[in-house]
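The values are calculated or read from the model by the stated rules, or taken from the named source; none is laboratory data. These numbers come from a predicted model, not from an experiment. So basically every Cβ, Gly included, is an ideal-geometry build from the backbone, and we count neighbours across all protein chains shown. With ligands, DNA and RNA removed, areas are computed over all heavy atoms of the protein, side chains included. Shrake-Rupley method; radii C 1.70, N 1.55, O 1.52, S 1.80 Å.
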Amino acid sequence: MILKEKDKLLVGKFLKEIPAFRNLSDKRVEQIINDFTIHTFRAGETVFYQTDKSTDMYIILEGKVKVTLLSEEGDEFVLTDLNPGDFFGEMSLIDGNPRSASVTAEEDSIFAVLERNRFLDAIKEDPEIAIDLLKSLVQRLRNATEREESLAFLAVHQRLVKLFKKLIKDEGKKKKNGFYLIKKRTHKEIAERIGASRESISKVIKRLVSGNLITENGDLFMLSPKLFEDIDELTD
């Protein structure tokens, strides 16, 4: 789908926030915008699968996606969630190799998509694009290393608390009594995000509920501040 004028404005807005394009002139950004196309996906649809040979880069204009890995046994591990303004697919965009992870739309989503050959043309004209994009890749690798360390050295309880801490910062609300509210997840969803079995998550949550550290309140989790006493202090 070719970009309409309103789409161009939206793509331009997000494009200037992406490190690889942040330092380009407005005129150059305008030229690159014309290389993008618009794609839509329904909630639950897969944007691309791990090992797919597609090489486009995606910017999320509307919606939300999750990035996952699938083991040989068929277990899914959620690497991260991405929101409007985030981008993905840059690894295959750079090296031309198959996808290293799967991406699924969690909500109805709209993406601006840049084909690899268009990106390579842009690099020839503006080599600093590649340098800035590499900086973003390095940061994502650092984050991945942090996750690997967490999986290797932290017990399920600690990993769960670290996940709750992240969710509080992303979406949580603090009540007057000091408790935090976050959207409730199923034990399966939590297990996928921290690399644990659903059974182990159920056991840990049951123990935390009995200790009044977690309360299930409809479609919300209410988390006691005592849950976080053994890890870095939460910031409001």
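The residue that is farthest from Ser100 (Cα to Cα), counting only those in segment 36-78 that are of a type in the set (Lys, Arg) and more than 17 Å from the chain's Cα centre (by Cα), is Arg42. So which residues in segment 110-137 are farther than 20 Å from Tyr49 by Cβ, open to solvent by less than 70 Å² (accessible area, probe 1.4 Å) and either out of contact with any Leu (no Cβ under 8 Å at 6 or more places or on another chain) or not aliphatic (A, V, I, L, M) (or both)? Across segment 110-137, the qualifying residues are Phe119, Leu120, Ala122, Ile123, Asp126, Ala130, Asp132, Leu133, Ser136, Leu137. Any chance you could count how many residues in segment 25-34 are within 25 Å of the chain's Cα centre (by Cα) and either in contact (Cβ under 8 Å) with a residue 60 or more places away in the chain or farther than 28 Å from Gln139 by Cβ (or both)? Of the residues in segment 25-34, 1 are within 25 Å of the chain's Cα centre (by Cα) and either in contact (Cβ under 8 Å) with a residue 60 or more places away in the chain or farther than 28 Å from Gln139 by Cβ (or both). Would you check if there is a residue in segment 89-109 being closer than 15 Å to Glu192 by Cβ and open to solvent by 60 Å² or more (accessible area, probe 1.4 Å)? The answer is yes, given that some residue of segment 89-109 is closer than 15 Å to Glu192 by Cβ and open to solvent by 60 Å² or more (accessible area, probe 1.4 Å).
Does Glu17 satisfy the criteria of being closer than 19 Å to Asp126 by Cβ, open to solvent by 60 Å² or more (accessible area, probe 1.4 Å), of a type outside the set (A, V, I, L, M) and not in a loop (DSSP other than H, G, I, E, B)? When the stated conditions are applied, Glu17 does not pass them. Within segment 172-191, restricting attention to residues that are of a type in the set (A, V, I, L, M, F, W, C) and part of a helix (DSSP H, G or I), the residue that is nearest to Glu216 (Cα to Cα) is Ile190.
Under the condition of being in contact with a strand residue (DSSP E or B) (Cβ under 8 Å, 6 or more places away or on another chain) and open to solvent by 60 Å² or more (accessible area, probe 1.4 Å), which residue from segment 45-57 is farthest from Gly89 (Cα to Cα)? It comes out as Glu45.
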